Each structure stands twice: as C-alpha cells, then as structure tokens.
1. Within the set of pairs 6 or more residues apart or between chains, which connect a residue that is on the phi > 0 side of the Ramachandran plot and modelled with pLDDT of 95 or more inside segment 8-23 to a residue that is surrounded by 15 or more Cβ atoms within 10 Å (Cβ to Cβ) and hydroxyl-bearing (Ser, Thr, Tyr) with Cβ atoms less than 6 Å apart?
2. I want to confirm something. Restricting to segment 51-62 and keeping residues that are open to solvent by 90 Å² or more (accessible area, probe 1.4 Å) and part of a helix (DSSP H, G or I), which single residue is modelled with the lowest pLDDT?
3. Could you tell me which of the residues Met48, Met1 is open to solvent by 70 Å² or more (accessible area, probe 1.4 Å), among the aliphatic types (A, V, I, L, M) and in contact (Cβ under 8 Å) with a residue 60 or more places away in the chain?
4. What pairs come out if I take residues in segment 65-80 that are in contact (Cβ under 8 Å) with a residue 12 or more places away in the chain and open to solvent by less than 80 Å² (accessible area, probe 1.4 Å) and pair them with residues that are assigned to a loop (DSSP other than H, G, I, E, B) and aromatic (Phe, Trp, Tyr) whose C-beta lies under 7 Å away, six or more apart or interchain?
5. Just for segment 14-37: of the residues that are over 21 Å from Glu77 (Cβ atoms) and within 11 Å of the chain's Cα centre (by Cα), which one is least open to solvent (accessible area, probe 1.4 Å)?
Amino acid sequence: MKEIIDQLYEIYMRIEPDSDITRESVTPEMRIKEDLGLNSIGLLYLIMGIEKEFCISLKNQSIESFKTINDVAKYLEENA
C-alpha cells in the first residue's frame, strides 16, 4: 500500500505543487477534501490523474465513496 500512497502523493503534488504537505506527513487516514484541501475541481484532477497513472476508469459510485487516502489505496489495490 505504501507504493500506492507514494503514487497518489505524486499525483497530488502535480495538482497542488505549492502545497506544504510533505510525503512524510501523508497518512492513510488523511481525508481528501478536509486534510488535503482539495475542492471539487481538485478532486476531479486527482481522479483524472489516478485514471491515467493506474490505467483504470473510476465509476461515480466509487469516487463518491473516497473519503480518505486509504479508501483510494484500497480501491486501487483491488481494482487496478
């Protein structure tokens, strides 16, 4: 899972290059909107980055269930 979280962090940094969040501070429990500060457009860019990076198409019901980094990582482990 660490490798997936690393990849998610890299995607996040492409979206928010000026963010103060470091890789070391990212935990599986971090909330995508509240802790990473992504608004709906940022979330859309994150989803697009995940789809491109992992060669996967995310369904709307899956996207709505993503609250934390761990939610996304688990989904990718099971489906990518």
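1. none
2. Filtering first and then ranking leaves Gln61.
3. Met1
4. Hits for this filter: Val72/Phe66.
5. Ile15
The values are calculated or read from the model by the stated rules, or taken from the named source; none is laboratory data. Every value quoted in this text rests on a predicted model; they were computed, and no experiment measured them. A quick note on method: Cβ atoms are made from the backbone with ideal geometry, for glycine too, and the neighbour counts reach across all protein chains shown. The protein model used for the area step is the full one, side chains on, heavy atoms only, and it has no ligands, DNA or RNA in it. Shrake-Rupley method; radii C 1.70, N 1.55, O 1.52, S 1.80 Å.
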